[in-house]
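These notes are about the structure you will find just below.
The values are calculated or read from the model by the stated rules, or taken from the named source; none is laboratory data. Just so it is clear, the model here is predicted, and its values are computed rather than measured. Neighbour counts run over all protein chains shown; Cβ positions are idealised from the backbone, glycine included. Surface accessibility is based on the protein's heavy atoms, side chains included, excluding ligands, DNA and RNA. Shrake-Rupley method; radii C 1.70, N 1.55, O 1.52, S 1.80 Å.
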Amino acid sequence: MTRYGKVVLVGAGPGDPELLTLRAVRMIEQADAILFDRLIDPSILNYARPDCVKIFTGKSKGCHSLPQDQINELLFEAACSHKLVCRLKGGDPYIYGRGGEEVEYLHSRGIECDVVPGVTAASGVAASLLLPLTHRDCASSLRFHSAHRKRDEPLADFGDLTTDGMSHVFYMGGTRLKEIRDAFFRFDMGSLCTPVAVVRRGTLPDQSQWVGTLAEIEEHDLDLLPGDPVLVIVGEVVTHSIKAARPVLESISIGRSAV
């Protein structure tokens with residue numbers, strides 16, 4: 001009877017390696033093999049043992065990940081030959097990280113799994129801008145959306161896109177800004193005056209952002225590169241940000257804690 005190893009899905013956070021959790025670091029240090037995504041900061045791999053097998057699961061050309069079926073099979077093969085496999089994913093594995101698909105596949109093949117949550121992009125990026133995602137004065141609820149669908153399907157009908165008392169965060173929104181704007185327009189024309197922040201490479205030293213309104217998004221050249229991780233925050237909470245007060249795309253300084 002074949003004895004399989006264990007696979008642990010580990011959230012690496014939105015980019016800044018200092019946002020790793022203690023448990024995430026421990027799993028990386030103990031792993032016999034690590035399968036890591038394109039957006040993982042390379043310095044995070046320094047926590048791994050010298051003899052740890054490191055497998056890149058992203059394509060450098062075109063900035064696209066490997067097909068999910070292929071990643072699933074790589075995870076299974078790694079678990080067949082290693083005692084502890086770390087699947088290192090950006091953000092949180094269970095928030096638009098396809099973690100659910102990977103665990104379901106591995107479980108169906110008899111592989112034991114565990115999940116280490118990570119700081120998701122919404123909270124990490126918002127914190128870097130001192131932008132509260134909820135606020136007693138304007139936002140008592142919060143919704144996360146994916147700006148992409150399986151097999152690159154068009155944006156679905158998001159339903160109630162009210163901005164009254166609600167904040168919206170769109171993951172992977174860099175190539176879908178017009179569609180996001182139009183989705184709000186279809187629901188409520190008045191929402192086009194709603195503040196929005198478009199953040200590129202959030203929590204990283206070269207983070208930049210544009211701040212304006214939904215109506216102004218298409219008027220500005222945001223200079224986004226293919227493959228750039230982009231988060232879009234929509235709602236009155238944007239006006240409560242300390243660092244996102246100027247309506248231009250600009251680089252900002254990401255603070256580091258002193259130790």
Hey, residue 115 open to solvent by less than 60 Å² (accessible area, probe 1.4 Å), outside any loop (DSSP other than H, G, I, E, B) and either at pLDDT 90 or above or within 21 Å of residue 69 (Cα to Cα) (or both) or not
yes
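This table checks each residue for (1) hydroxyl-bearing (Ser, Thr, Tyr); (2) assigned to a strand (DSSP E or B); (3) buried (at least 20 other Cβ atoms within 10 Å of the Cβ); (4) modelled with pLDDT of 95 or more.
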| residue | (1), (2), (3), (4) |
| --- | --- |
| 107 | no, no, no, yes |
| 156 | no, no, no, no |
| 161 | no, no, yes, no |
| 169 | no, yes, yes, yes |
| 173 | no, no, yes, no |
Note: among 75, 22, 9, just one is open to solvent by 60 Å² or more (accessible area, probe 1.4 Å) and either hydrophobic (A, V, I, L, M, F, W, C) or more than 25 Å from residue 175 (Cα to Cα) (or both), namely 22
For the stretch 25-40 the number of residues that are modelled with pLDDT of 95 or more and either open to solvent by less than 50 Å² (accessible area, probe 1.4 Å) or more than 22 Å from residue 95 (Cα to Cα) (or both) is 11
Residue check for residue 86: in a helix (DSSP H, G or I) and at pLDDT 95 or above
no
Condition set hydrophobic (A, V, I, L, M, F, W, C) and not in a strand (DSSP E or B), scope the stretch 192-219, selection surrounded by the most Cβ atoms within 10 Å (Cβ to Cβ): answer is 214
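Determine whether the stretch 47-62 contains at least one residue that is open to solvent by 80 Å² or more (accessible area, probe 1.4 Å), in a helix (DSSP H, G or I) and touching a residue at least 40 places away in the same chain (Cβ under 8 Å).
Looking for residues that are open to solvent by 80 Å² or more (accessible area, probe 1.4 Å), in a helix (DSSP H, G or I) and touching a residue at least 40 places away in the same chain (Cβ under 8 Å), one finds none in the stretch 47-62, hence no.
Could you say which residue among 191, 146, 140 is within 13 Å of residue 235 (Cα to Cα) and at pLDDT 85 or above?
140
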Scanning the stretch 118-135 residue by residue, those under 16 Å from residue 200 (Cα atoms), open to solvent by 20 Å² or more (accessible area, probe 1.4 Å) and not in a helix (DSSP H, G or I) turn out to be 130
